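First up is the structure itself, then whatever we jot down about it.
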Amino acid sequence: MAHPEPPTAVKVHQPQPISLHPPTVPVAALQTHAVPTVASIVLPDGRVITGYAINPAHPEPVAVKPAVSRTAVNVALGGVGFLAVCGGLILLTSFIAALTAFITQLIILAAVIFGGWIAVQIFSGRSHQGGTTVNIRKAVIKRNHFHG
């Protein structure tokens, strides 16, 4: 049976303070495309922070949308206007048809009521003084002096 190897020791790197004095060793110029530059910042309380300069991330360029032509906009607006007019005409036609049906029903109602009133006048047994008397069963019409 193989024994597992002991875990390797973790190395902890302690930060080294940077002296504010100019270095005594000449600094060799590095090629910028191989290693990024290191920047140091002195905070107001005297601490120095050193790190790599981060170039700002540039967002991907947005794909340019083609401009909508004026003709396409005019055709679309014309179509919307045409549909609005057609819808308005349909509503107007429906309103006129409903109004016509309503007026027809009112005329029929008036004819039924007036016809009923005339029927009551003819078939009622009471006679009016000074009016024309019509008695269809006896065929007596006083006004024309017809006696049957």
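Quick note: the coordinates plus some simple rules give every number you see, no bench work behind them. Just so you know, these numbers come straight off a predicted model, no measurement behind them.
The calculated Kirkwood hydrodynamic radius for the range 61-116 is 15.8 Å, given to one decimal from all distinct C-alpha pairs. The length gained on full extension between residue 52 and residue 75, counted as 0.36 nm times the residue separation minus their Cα-Cα distance, comes to 2.6 nm.
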